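Notes follow the structure.
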Amino acid sequence: MAIKPILRIGDPRLLLTSEPVREFGSPSLLALIADMEDTMRAANGAGLAAPQIAVALRVVIFGGGPTPRYPDAEAVPYTVLVNPKLRALRGGRESEWEGCLSVPGMRGLVPRYRRLRYRGFDQWGRPIDRSVADFHARVVQHEVDHLDGVLYPTRIKDLRKFGFVEELFPGQQLQDD
Ligand code: NI
């Protein structure tokens with residue numbers, strides 16, 4: 001379909017609460033997901049939420065294996081997740097470095113639940129129900145936050161652990177966004 005511009009932090013559309021999808025398998029939903037796939041792949045992202053391309057619907061995509069941004073991450077299956085519901089499982093929280101295509105060139109240390117159950121639907125309305133941990137759980141929490149207008153910098157506990165990739169990790173060949 002098309003590579004769309006990714007909204008950047010400061011754009012008020014990233015702060016909206018997105019609406020649930022009410023019809024699965026519709027041409028407009030399938031077109032949205034195709035645009036999101038093209039946009040995420042072009043940007044080498046680990047995930048993308050519909051509001052990042054200015055569509056306020058509860059749709060996220062993520063996964064597809066290690067990316068240049070997260071070369072050490074375990075493979076997360078490529079997933080389309082619509083109308084997600086999250087529940088933290090026992091295991092507490094863990095802080096890790098996160099980036100976001102809407103906050104290009106930066107990283108922050110963000111606490112997330114280590115273990116998570118998520119439920120929702122794919123684009124055809126087929127149910128998804130998974131219990132996951134670590135990077136997979138982190139990506140889902142990050143993407144679903146976008147649906148509630150939450151960007152990761154607001155979750156950083158110590159803002160000294162936030163900055164430009166080149167300054168935080170000098171000399172490392174990390175991608176720009
Ligand atoms: Ni993001």
Mind ordering 138-146, 157-165 by average Cβ neighbours within 10 Å, highest first?
138-146, 157-165
Can you list the residues, at least 5 places off or on another chain, whose amide H is less than 5 Å from the amide H of E96, using H built in the peptide plane?
V110, R112
Give me the accessible area per residue for segment 12-168, probe 1.4 Å, as a whole number in Å².
47 Å²
In nm, spacing of pseudo-spin labels at R41 and L16 (7 Å Cα→C-beta vector):
2.7 nm
Peptide ranges 49-59, 85-95 listed from the most packed, as the mean C-beta count within 10 angstrom indicates
49-59, 85-95
Can you compute the radius of gyration and Dmax for the chain, using only the Cα atoms, both in Å?
15.4, 48
Can you give me the angle between helix 27-42 and the longest principal axis of the chain, using Cα atoms only, in degrees from 0 to 90, rounded to the nearest 10?
20 degrees
Could you tell me the calculated FRET efficiency between L159 and K85, based on Cβ-Cβ distance and R0 = 35 angstrom, to the nearest 0.05?
0.70
Between A34 and E166, what length in nm is gained on full extension when 0.36 nm per residue of separation is reduced by their alpha carbon distance?
44.3 nm
About the Cα centre of segment 12-168, how large is the charge dipole given +1 on each Lys and Arg Cβ and -1 on each Asp and Glu Cβ? Please answer in debye to the nearest 20.
680 debye
Between segment 29-61 and segment 124-174, the Cα center-to-center distance that results, in Å:
16 Å
Other residues with Cβ under 15 Å from the Cβ of R58 give, with Lys and Arg +1 and Asp and Glu -1, a net charge of -2
Using only the Cα atoms of segment 82-177, what do you get for the radius of gyration and for Dmax, in Å?
14.7, 45
Which of the aspartates and glutamates could a cross-linker span from K4 if the Cα-Cα distance has to be under 14 Å and same-chain partners fewer than 8 positions apart are dropped?
D35, E37, D38
Per-residue ellipticity at 222 nm for the chain, helices alone: DSSP H runs ≥ 4 residues times -39500 (n - 2.57), over residue total, nearest 500 deg cm²/dmol?
-6000 deg cm²/dmol
Per-residue ³J(HN,Hα) for segment 144-149, Karplus 6.51 cos²θ - 1.76 cosθ + 1.60, θ = phi - 60°, Hz, x for Gly and Pro:
5, 3, 4, 6, 10, x
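The values are calculated or read from the model by the stated rules, or taken from the named source; none is laboratory data. Owing to the predicted nature of the structure, the values given are computational and were not obtained by experimental measurement. Ideal geometry is used to build each Cβ from the backbone, glycine not excepted, and the neighbour counts take in all protein chains shown. Heads up: the accessible areas ignore ligands, DNA and RNA and are worked out on the full protein's heavy atoms, side chains in. Shrake-Rupley method; radii C 1.70, N 1.55, O 1.52, S 1.80 Å.
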